[in-house]
Amino acid sequence: MRSYNPLSFPADLPQISMLITLLVLVSSATLTGHAQVGPEAPIKLNTLWEMQLGTDYTSTTDPAERNLHPYVGIFYVLSGTSDSANNSIPGVVPLYRLLNSSKTDHMDSPVAGEGGYDTEGSIGYMWSNGSAKPGLSPLTRFYDNQPQSANAGDHATGIDESPIAHPQSFPYYALEGALGFGYARYPGTDLSLASVQGGGVEAKSNAATGCAVWEWWWNGIQFINDYDYGRQLASAAYYPGGGAPVLNSLQETGDKYGFGHPDVLNRDTAHPSPCISLNTSGNTQSSAAVPLDWIPSNFGGGIDNPVIYPDMTLGKTLTLDWIGPDGIDRNWPVGLYQVVITSPPSMSGDFTVEAPTAYLNPQFNSYFYYTASSQTFTQVSTSSIHALSDTTGYQVPGAGTGPQAVILAAGTDPTSPAMGVFINSPNAGFVFYDESTGGCTDSLSNVTCQYQSNFAKWGVNYFSTITPSPWTFKTWIMTDTLQNVEAYINQLNSWKVTSR
């Protein structure tokens with residue numbers, strides 16, 4: 001059972017301070033001479049909830065009506081026929097809610113008045129073609145034609161298929177066909193984990209929240225914090241849309257209204273990014289999500305209306321027990337995490353990418369950074385990081401110098417559990433944020449801190465041009481004792497592996 005304290009909710013603070021930092025960085029990009037062609041204008045969505053009115057399944061996008069009945073959030077549909085820049089969206093059709101003359105059966109349809117039903121109104125719009133955008137799923141209508149069923153004669157709207165399986169079923173209901181296409185959600189849950197293992201590490205990606213890494217296990221210890229949908233181990237991309245101060249904030253996991261935000265009622269009203277692919281083969285797992293904007297109100301959205309970038313995907317390829325350039329399988333707890341971004345061919349210019357970032361549980365609040373030339377590690381006090389966590393974050397020395405690494409450990413003893421991160425890029429650096437104090441203090445063997453608000457964070461910030469699809473960035477992540485993580489970082493440095 002998750003426990004939240006709405007009186008101490010810092011989840012927005014690191015995200016907002018990150019946006020402030022990135023706004024300064026990205027705004028300065030206009031002076032570099034790069035052609036700036038950002039992502040397409042995002043599109044506001046409606047969440048489609050399936051309510052149960054006795055024996056009548058009924059769809060709604062109205063939160064006031066939703067709150068009067070039992071419901072699940074099943075789908076994202078378009079809220080209109082234009083994007084946030086007032087460009088018309090081609091190939092979309094309306095979705096109407098209809099009611100039969102005896103007022104016992106609601107039915108959804110792209111055709112007003114279908115079958116002699118009365119049209120109650122439009123509840124959104126959908127693409128008419130499933131190949132119009134990456135990862136679209138069919139919104140499907142079902143009909144209960146079984147006399148023995150209590151719901152005989154009723155229509156229902158649900159998810160029959162999608163890029164990844166979704167847990168929804170209607171006993172006695174027969175498939176009638178697709179009504180149109182949008183983005184499938186996970187009804188009634190925000191947890192559907194897919195595991196990959198290697199080298200003593202197990203990582204679990206959550207199909208219900210952008211397929212981001214939700215858990216990272218080593219030696220019986222779980223590292224990742226999942227207070228809301230801005231946490232996890234995931235990527236994000238930032239761009240000045242429409243000029244400063246508006247900032248496009250593309251998130252692999254979801255927007256600020258994740259489950260954990262004090263204004264979000266439950267999982268079915270939260271806003272996860274739709275995961276459109278998730279594949280595991282041996283010790284490698286890959287995934288992709290269509291990103292939501294972190295602050296939907298920047299583009300006309302809000303707590304009931306997420307905003308999506310339908311022509312882009314953010315994802316990863318994660319290989320555990322990574323084999324180095326010498327070809328030796330060491331069976332070690334070192335993984336290669338590749339951020340993968342796909343984008344329209346026309347998009348260009350300087351972006352800032354969290355490639356990736358990880359929110360760890362608050363026990364991992366001993367921070368170190370690496371100096372490659374001397375192969376030494378320097379500790380940074382938690383207090384100095386915390387002092388900057390509501391503004392710019394702590395910018396780790398050495399950005400853009402080539403080989404760089406950081407460690408977050410649960411103490412300073414050489415045997416302390418730790419996570420290390422290694423990159424090698426002239427266009428990247430690290431940042432620390434710390435909100436580890438004043439909250440969960442349970443032992444590492446207890447997983448309750450996973451859903452508490454306090455955290456320790458590292459981030460890889462890449463700042464330069466993103467080339468047309470696919471764009472990738474390599475980051476090495478390792479978990480072991482502090483002394484072993486230091487040795488792994490030295491080994492990676494000796495190999496001169498590069499992130500790009």
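The values are calculated or read from the model by the stated rules, or taken from the named source; none is laboratory data. These numbers were taken from a predicted model, which means no experiment stands behind them. Every residue, glycine as well, gets a Cβ built from its backbone with ideal geometry; the counts of neighbours run over all protein chains shown.
Listing for the model above:
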| item | result |
| --- | --- |
| Tabulated pairs, the stretch 375-395, first surrounded by 15 or more Cβ atoms within 10 Å (Cβ to Cβ), second assigned to a loop (DSSP other than H, G, I, E, B) and among the hydroxyl-bearing types (S, T, Y), C-beta under 8 angstrom, 6+ apart or interchain | T382/S436; T382/T437; H386/S436; H386/T437 |
| Residue that is in contact with a Cys (Cβ under 9 Å, 6 or more places away or on another chain) and either within 17 Å of V213 (Cα to Cα) or surrounded by fewer than 24 Cβ atoms within 10 Å (Cβ to Cβ) (or both), where the choices are V264, V290 | V290 |
| So Y433, is it surrounded by fewer than 23 Cβ atoms within 10 Å (Cβ to Cβ) and aromatic (F, W, Y) | no |
| Yes/no for T467 being at pLDDT 95 or above, polar (S, T, N, Q) and either within 26 Å of S287 (Cα to Cα) or surrounded by 15 or more Cβ atoms within 10 Å (Cβ to Cβ) (or both) | no |
| Of the criteria (1) in a strand (DSSP E or B); (2) farther than 25 Å from G439 by Cβ, which one L408 fails | (2) |
| The stretch 242-259: number of residues that are buried (at least 23 other Cβ atoms within 10 Å of the Cβ), small (G, A, S) and at pLDDT below 90 | 1 |
| Qualifying residue in the stretch 422-431 (condition: in the same structural domain as T317 (by TED's automatic domain parsing), free of Cβ contacts under 8 Å to residues at least 60 places away in the same chain, of a type in the set (A, V, I, L, M, F, W, C) and in a strand (DSSP E or B)) | no |
| Residue selected from the stretch 316-358 under the condition touching a residue at least 40 places away in the same chain (Cβ under 8 Å), more than 14 Å from T475 (Cα to Cα) and β-branched (V, I, T), by the criterion surrounded by the fewest Cβ atoms within 10 Å (Cβ to Cβ) | T342 |
| Spans of strands (runs of 3 or more DSSP E) in the stretch 111-220 with at least 2 residues under 30 Å from S445 (Cβ atoms) | 193-198, 201-206, 212-218 |
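Matching residues to (1) of a type in the set (D, E); (2) in contact with a strand residue (DSSP E or B) (Cβ under 7 Å, 6 or more places away or on another chain); (3) crowded, with 23+ Cβ neighbours inside 10 Å:
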residue	(1), (2), (3)
E176	yes, yes, no
S192	no, yes, no
V196	no, yes, no
V201	no, yes, yes
S205	no, yes, yes
A208	no, yes, yes
V213	no, yes, yes
Q222	no, yes, no
